[in-house]
1. I want the local charge near residue 79. Using Cβ-Cβ distances under 13 Å, sum +1 for each Lys or Arg and -1 for each Asp or Glu among the other residues.
2. Compare the peptides 102-110, 63-71 by average per-residue count of other Cβ atoms within 10 angstrom and give them in order, highest first.
3. Return the calculated 222 nm mean residue ellipticity for the chain, to the nearest 500 deg cm²/dmol, obtained by summing -39500 (n - 2.57) across DSSP H runs with n ≥ 4 and dividing by the residue count.
4. Output the relative contact order of the chain, whole-number percent, from Cα pairs under 8 angstrom with separation of 6+ residues.
5. Using a simple charge model, +1 on the beta-carbon of Lys and Arg, -1 on the beta-carbon of Asp and Glu, nothing else, what dipole does the chain show about its Cα centre, in debye to the nearest 20?
6. May I ask which of 3/104; 18/65; 18/108; 18/104 have a Cα-Cα span longer than 19 Å here?
7. Within the chain, what whole-number % of the accessible surface is contributed by carbon and sulfur, with the 1.4 Å probe and all protein chains included in the calculation?
Amino acid sequence: MGKRDDLIAQYADDLRNKCGMEPDMDLLEKVTLGCGPAIYNADASTVAATQESELETVKNNFLIKKLGLADGPQLMDAINSVMDTYGRSERNKYRAVVYYMLTKHFGKESIYG
């Protein structure tokens, strides 16, 4: 297994044990690939839930640009819901896991079809 496979296994473990959901491995792999080289960078691979600017970046670059959603308060509500599910006290919130949960939340799996 390569480094990416190890990371995907880590993300699946987080989804099962920290978020209480069984991951769709095919979708998780596609979301992880969509994150590009960011998954290999310690800083870029995680989402800082306490930084408003970081949450805005997730909203603008992922929800609006990638998933094609219209801006509105429901986007930040969804991000906050995902952060609550992941656990606010959890230090490392992996970007791929957050993006996976947001993709599922909005039913946008077809983007990765």
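The values are calculated or read from the model by the stated rules, or taken from the named source; none is laboratory data. All values reported here derive from a predicted model rather than from experimental measurement. FYI the Cβ positions are ideal-geometry reconstructions off the backbone, even for glycines, and counts take in every protein chain you see. With ligands, DNA and RNA removed, areas are computed over all heavy atoms of the protein, side chains included. Shrake-Rupley method; radii C 1.70, N 1.55, O 1.52, S 1.80 Å.
1. -2
2. Those peptides, ordered most packed to least, come out 102-110, 63-71.
3. That comes out to -15000 deg cm²/dmol.
4. 34 percent
5. So the magnitude is around 140 debye.
6. 3/104; 18/65; 18/108, as the Cα separations exceed 19 Å there.
7. With neighbouring chains kept in place, the figure for the chain is 46 percent.
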